[in-house]
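*Asks:* Once you've had a glance at the structure underneath, I'll fire off some questions.
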Amino acid sequence: MATSLHVLIVGAGSAGLAAAILLHETLSTHSIPFQISIFELRSGPSTLGGAINLTPNAVKLLDHIGILKDLETSGCSVETMEMISSRTLTSLGNLTFGDVDRYGANSLRIARKDLQAALLAKVAELGIQVSFSKRLENIQQTPEDVTALFSDGASVTGDILLGCDGTHSAVRKCIDPDRKPVYTGLSTAYSYVDPKNLSSLPFKGTSAIIQCRVGSLLLTWSTPSRSEKLYWAAVMEVDAPQDLSKDGWRSMGEDIAKTKQRVKDTYCSERDSQMGFFADLLEQTEDDVYFFPVWKLEMSEKWWEGRCLLLGDAAHAMPPMAQGVGLAVEDAVLLDRLLNSHIEKAKRAESGEINLKEVPLEDIWQKLVKIRTPRVKKDYDRSVGGFEGLKDKGWLAAMLKDWLVWFFLWAIGVKFDEAFKYDILKESLD
């Protein structure tokens, strides 16, 4: 009879929910008694977040988890991303974002809330409890267990704690308080619109990036119909508010009319006279317009302390450059594989009880960070460098960007090709 294992997961995003699903399967397969408890800061499933891009490697892992069929009916399959000049509205070239023969899948553009809904449905099917409105205040650890202390006075003790609570992770504040998110100087506004005149759109496929002197504008379909719910996301240079608290940032996005005007002033000015079509789309936008600052978290290999481990953005937040969900789910898959490997080795070495309370956590945590760091570092450098290039460097630099876009497409295409072919399920654990 094996000893039981209680896994505490803080955060009901992609990393936390994927980890819960995978660990449930592994522990069930080995007939090990366990309990998985998920705690989420928000009061319920989030409706925030735009249309995220699930790259081919992410799509295959979500199929491995067992939710891809639920997603395919909600999202839009993406094979290429067209690059378009804001000065001329002509195509500058394409980035490959999917190839079933080469990568095993296309990318999938889908609303973040639909991804979370599918993950939550799978978690509920497995009987895993998710507790909402749970704000983590502190963590207490002993050699034998870890306790999560919440703002409502409740506390829960388990054997391991996974911090999957995003860029502003409360778990990270407990185990690595000096590593804080840094504002990049760029912010994003986004929404959905049902275009009245499809022929006015400057792209004919599923997705396009309008390359501008200041920032960049993403236009992409996010539903299978490709005629409704066009998602737009505008990256802009925005000075930080004097009040750097969450309230200060929140106040910047509360005035929707002001946010739309900020976007219009940035993208539909005299310097980009061809962008009238986007001014029309802004006028047609009836959904709420959301605003959020873009953060980065300086790279570090301190993802763990004692019985606590960080996964996803809590460990390696970076500006959004297509790979966020993929990296988070890869973290969860690797953790599951490492724990499964330990259990199998323990079963071979012992004919009696498997004491999971004696799992060599430090060895597992260190191995996970060692394996993940090189891949995460590549994506981090690419995303931070890519967003830095979106800042205004003058009209001459903007023209040069158009002229040299072929080199950018080739260089980024090579990196994407490597990233999309990567398979964490085949990564060596030695």
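FYI, it's all coordinate maths here, none of it is from the lab. Keep in mind it's a predicted model, so treat the numbers as computed, not measured. Neighbour counts run over all protein chains shown; Cβ positions are idealised from the backbone, glycine included.
*Asks:* Calculated FRET efficiency, SER300 and THR88, Cβ-Cβ r, R0 35 Å, to nearest 0.05?
*Replies:* That gives a FRET efficiency of 0.25.
*Asks:* If you don't mind, another one. Fully extended, how many nm does the chain gain between GLU388 and THR157 (0.36 nm per residue separation, minus their Cα-Cα distance)?
*Replies:* 78.9 nm
*Asks:* Given springs between every Cα pair under 10 Å in a Gaussian network model of the chain, which of THR167, THR80, THR29 has the largest fluctuation?
*Replies:* Highest fluctuation among the options: THR29.
*Asks:* Relative contact order, percent, of the chain when contacts are C-alpha pairs under 8 Å separated by at least 6 residues?
*Replies:* RCO, the chain: 22 percent.
*Asks:* Is it possible to state the helix-based mean residue ellipticity at 222 nm for the chain, with each DSSP H run of 4+ residues giving -39500 (n - 2.57), the sum divided by total residues, to the nearest 500 deg cm²/dmol? What is it?
*Replies:* Here the helix-only value at 222 nm equals -12000 deg cm²/dmol.
*Asks:* Where Rh is the Kirkwood radius over the Cα pairs of the range 5-426, the temperature 25 °C and the viscosity 0.890 mPa s, what D in µm²/s does Stokes-Einstein return?
*Replies:* 109
*Asks:* Using +1 at the Cβ of each Lys and Arg and -1 at the Cβ of each Asp and Glu in the range 71-126, identify which of SER91, SER77, LEU108 lies farthest towards the dipole's positive end.
*Replies:* SER91
*Asks:* Can you compute the FRET efficiency between GLU237 and ASP145 using 1/(1 + (r/R0)^6), with r the Cβ-Cβ distance and R0 = 51 Å? Round to the nearest 0.05.
*Replies:* The value I calculate is 0.60.
*Asks:* May I ask you to compute the full-extension gain from LYS69 to ASP287, defined as 0.36 nm times their residue separation minus their alpha-carbon distance, rounded to one decimal in nm?
*Replies:* Difference between extended and current length: 75.8 nm.
*Asks:* May I ask which residue of PHE408, LEU17, TRP365 lies farthest towards the positive end of the charge dipole of the chain, with charges of +1 (Lys, Arg) and -1 (Asp, Glu) on Cβ and the Cα centre as origin?
*Replies:* Working it through, the farthest residue towards the positive pole turns out to be PHE408.
*Asks:* Turning to a different aspect of this structure: Take each of the peptides 310-316, 102-108, average the number of other beta-carbon atoms within 10 Å over its residues, and list them starting from the highest.
*Replies:* Result, highest mean Cβ count within 10 Å first: 310-316, 102-108.
*Asks:* Can you sort MET236, MET275 from fewest to most other Cβ atoms within 10 Å of each residue's own Cβ?
*Replies:* Going from sparsest to densest Cβ surroundings: MET275, MET236.
*Asks:* Just list whichever of LYS134/LYS426; LYS69/LYS377; LYS122/LYS229; LYS134/LYS370; LYS60/LYS196; LYS204/LYS260 have alpha carbons separated by over 29 Å in the model shown.
*Replies:* Exceeds cut-off: LYS134/LYS426; LYS69/LYS377; LYS134/LYS370; LYS60/LYS196.
*Asks:* Another question about this same structure. If each residue of separation counts as 0.36 nm, what is the full-extension length gain between LYS196 and ALA124 once their alpha-carbon separation is subtracted?
*Replies:* 22.0 nm
*Asks:* Put +1 on the Cβ of each Lys and Arg and -1 on the Cβ of each Asp and Glu in the chain; which of GLY389, LEU327, SER191 then has its Cα farthest toward the positive end of the dipole?
*Replies:* GLY389
*Asks:* Using alpha-carbon positions, what is the distance between the centroids of the range 55-108 and the range 130-209, in Å?
*Replies:* A separation of 24 Å, based on Cα centres.
*Asks:* Hey, another quick one. Mind putting a number on the dipole of the chain about its Cα centre? Charges go on the C-beta only, +1 for Lys and Arg and -1 for Asp and Glu, and I need it in Debye to the nearest 20.
*Replies:* Around 680 debye, computed over the chain.
*Asks:* Using +1 on the beta carbon of Lys and Arg, -1 on that of Asp and Glu, and nothing else charged, what's the dipole of the range 35-169 about the Cα centre, debye to 20?
*Replies:* 460
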